[in-house]
């Protein structure tokens, strides 16, 4: 889902760069990649749900756009909720949304 995004990382951090490379033999590499993906997803989810234009018309974005990718991401993790309902839930309890994202994205399992 997030394969089209470019993540800028500190290239001087050798341990991080090693962990993020796919195929790394480092036993913690998979865990680091999982948490980086979770954190990127979390940032995108919160950013999308804070954006009034996105929340009002989330389904209008064309394929290949960030708006469509965000809509698809939200639909994949929360198929039972509309974008407007998710935005309301985020305002009410953002940490609960984070916990749900951890569970639904497989960070802890």
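The values are calculated or read from the model by the stated rules, or taken from the named source; none is laboratory data. Everything numeric here is computed off the predicted structure, so don't read it as measured data. Quick reminder, even Gly has a Cβ in these numbers, built from the backbone with ideal geometry, and neighbours come from all protein chains shown.
State all residues of region 3-20 that are at pLDDT below 80 and in contact with a helix residue (DSSP H, G or I) (Cβ under 9 Å, 6 or more places away or on another chain); if no residue qualifies, say none.
Start the filter on region 3-20 by keeping residues that are at pLDDT below 80, which leaves 3-7.
Listed by number, the residues that qualify are 4, 5, 7.
Take the residues in region 68-79 that are surrounded by fewer than 18 Cβ atoms within 10 Å (Cβ to Cβ) and assigned to a helix (DSSP H, G or I), then tell me which one is farthest from the chain's Cα centre (by Cα). Reasoning before the result, please.
As a first pass, look at region 68-79 and keep what is surrounded by fewer than 18 Cβ atoms within 10 Å (Cβ to Cβ): 68, 72, 75-76, 79.
If we keep only those that are assigned to a helix (DSSP H, G or I) as well, we get 68, 72, 75-76.
Details: 68: 13, 72: 11, 75: 12, 76: 11 Å.
It comes out as 68.
Counting just the residues of region 48-67 that are under 14 Å from the mean Cα position of the chain (by Cα) and either farther than 20 Å from residue 95 by Cβ or surrounded by fewer than 12 Cβ atoms within 10 Å (Cβ to Cβ) (or both), which one comes out modelled with the highest pLDDT?
Of everything passing the filter in region 48-67, 67 is modelled with the highest pLDDT.
So which pairs qualify, if the first residue must be in region 61-72 and touching a residue at least 24 places away in the same chain (Cβ under 8 Å), the second must be surrounded by 14 or more Cβ atoms within 10 Å (Cβ to Cβ) and in a helix (DSSP H, G or I), the Cβ gap must be under 7 Å, and the two must be at least 6 apart or on different chains?
That search, which allows pairs on different chains as well, returns 70/44; 70/48; 70/54.
I need the full set of residues from region 80-107 which are under 15 Å from the mean Cα position of the chain (by Cα) and exposed (fewer than 11 other Cβ atoms within 10 Å of the Cβ), in order please.
Answer for region 80-107, where residues must be under 15 Å from the mean Cα position of the chain (by Cα) and exposed (fewer than 11 other Cβ atoms within 10 Å of the Cβ): 95, 106.
Residues to consider are 107, 45; find the one that is in contact (Cβ under 8 Å) with a residue 40 or more places away in the chain and either assigned to a loop (DSSP other than H, G, I, E, B) or on the phi > 0 side of the Ramachandran plot (or both).
Numbers: 45 fails: either assigned to a loop (DSSP other than H, G, I, E, B) or on the phi > 0 side of the Ramachandran plot (or both).
Every option except 107 fails the conditions.
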